[in-house]
Every structure is written in structure tokens, then in C-alpha cells.
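Structure first, commentary second.
The values are calculated or read from the model by the stated rules, or taken from the named source; none is laboratory data. Keep in mind that what you see is a predicted model, and the values were worked out from it rather than measured. So basically every Cβ, Gly included, is an ideal-geometry build from the backbone, and we count neighbours across all protein chains shown.
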């Protein structure tokens, strides 16, 4: 599995820590920026880069995006087809995001989580498979159907 990661200036330090941590777990990781601390950068640039990669390879790729609140990157990522991004602040929530909702992008609020908690969140999120139970598939499929219907209406 390939992991794409991206963050703005408020998530930059956390991204660097997570990147090294995830690589240490044996995952192939691609940093889509920012590659340097730039106080003038904008989270949509990095969240969209990650979401586009995951959208195009949603069966084999996952993403991790960060900004100060996590909300901005979550909103941006969820604009892309086949992306199910979840804003997560606890390991239990990370488990549910993967197990129940088959989330393929993890949004983290750099200003509101501690690095030790983030390691547990990321480990849980990466290590939890989708439960694939009928009720979870049914709900995920309804989301996918809604996404397609909305795309068709906008044409």
C-alpha cells in the first residue's frame, strides 16, 4: 500500500514526524508537500494533491493530510471522487473510520493532537481493515451512489 502525505505550514512539523514514523513501519510514503516550512502556503494545495492521488488509485493508496484544525484539509479531500476522508483525534475514532467507514484519507488537526497520540492514531488507522460487513458496505455504497448522482446533476 502506498501512503501519500501532505500538510500546510501549521501541519508541517507533524507531517515530518509522521512521515518518518510511517516509513519506519515499512510503508511506502510519498510526501506531496509542503517540503519546506512556508507560512504563506495554503492547505488546499496539499490536501488536493493527496486526494487526487488517492482518488485515482483508491484501492491501493491511502493519504494523510494535516492543517491546524484538520477541518480545511478534510473538506478539500472530500471533494474528490472515491475519497472518504475522516477527521480523527483519537485511536478509537481512527479504528471506526477504517473499520466502519472504509476511510482512505486521514485528516489530522496539528494544533489539537499530541505527537504520541498521533502515533497511536496513525498506527490504528493503518492497521485496521474495513470490516466489510453488510451494514458497512451498504452505507459506503450509498455514499458512492450519492457521489455519482451529484456528479451527474452538476453536468
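Would you pick out the residues in the stretch 56-65 that are in contact with a strand residue (DSSP E or B) (Cβ under 9 Å, 6 or more places away or on another chain) and crowded, with 17+ Cβ neighbours inside 10 Å?
If we filter the stretch 56-65 for residues that are in contact with a strand residue (DSSP E or B) (Cβ under 9 Å, 6 or more places away or on another chain), which is where we start, we get 57, 60-65.
Within the stretch 56-65, 61, 62, 63, 64, 65 qualify.
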When restricted to 94, 49, the only residue within 11 Å of the chain's Cα centre (by Cα), at pLDDT 95 or above and outside any strand (DSSP E or B) is 94
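Tally the residues that are touching a residue at least 12 places away in the same chain (Cβ under 8 Å), surrounded by 10 or more Cβ atoms within 10 Å (Cβ to Cβ) and under 20 Å from the mean Cα position of the chain (by Cα), restricting the search to the stretch 126-155. Spell out how you get there, then give the answer.
Going through the stretch 126-155, the residues touching a residue at least 12 places away in the same chain (Cβ under 8 Å) turn out to be 126, 128-131, 136, 139-140, 143-144, 147, 151.
Filter once more, so that each one left must be surrounded by 10 or more Cβ atoms within 10 Å (Cβ to Cβ): 126, 128, 130-131, 136, 139-140, 143-144, 147, 151.
After this cut, where a residue has to be under 20 Å from the mean Cα position of the chain (by Cα) as well, the list is 126, 128, 130-131, 136, 139-140, 143-144, 147.
Residues meeting the conditions: 10.
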Within the stretch 95-125, restricting to residues that are surrounded by 14 or more Cβ atoms within 10 Å (Cβ to Cβ) and free of Cβ contacts under 8 Å to residues at least 24 places away in the same chain, the one that is farthest from residue 77 (Cα to Cα) is 96
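Does the stretch 37-44 contain at least one residue that is in a loop (DSSP other than H, G, I, E, B), in contact with a strand residue (DSSP E or B) (Cβ under 8 Å, 6 or more places away or on another chain), at pLDDT 95 or above and surrounded by fewer than 22 Cβ atoms within 10 Å (Cβ to Cβ)? Steps first, answer last, please.
Here is the first cut: in the stretch 37-44, the residues in a loop (DSSP other than H, G, I, E, B) are 37-42.
Filter once more, so that each one left must be in contact with a strand residue (DSSP E or B) (Cβ under 8 Å, 6 or more places away or on another chain): none.
Checked against the condition, which is being in a loop (DSSP other than H, G, I, E, B), in contact with a strand residue (DSSP E or B) (Cβ under 8 Å, 6 or more places away or on another chain), at pLDDT 95 or above and surrounded by fewer than 22 Cβ atoms within 10 Å (Cβ to Cβ), the stretch 37-44 yields no hits at all.
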With the structure loaded, tell me whether residue 73 is in a helix (DSSP H, G or I), surrounded by 22 or more Cβ atoms within 10 Å (Cβ to Cβ), modelled with pLDDT of 95 or more and within 14 Å of the chain's Cα centre (by Cα) or whether it fails that test.
yes
In the stretch 6-31, residues that are under 23 Å from residue 75 (Cβ atoms) and surrounded by fewer than 16 Cβ atoms within 10 Å (Cβ to Cβ) total 2
Looking for something at negative phi, at pLDDT below 95 and not in a helix (DSSP H, G or I) - is there at least one such residue anywhere in the stretch 112-121?
yes
Of (1) outside any helix (DSSP H, G or I); (2) surrounded by fewer than 21 Cβ atoms within 10 Å (Cβ to Cβ); (3) within 14 Å of the chain's Cα centre (by Cα), residue 34 satisfies every one except (3)
Of the listed residues (33, 68, 6, 26), the one being touching a strand residue (DSSP E or B) at 6+ places or on another chain (Cβ under 9 Å) and at positive phi is 33
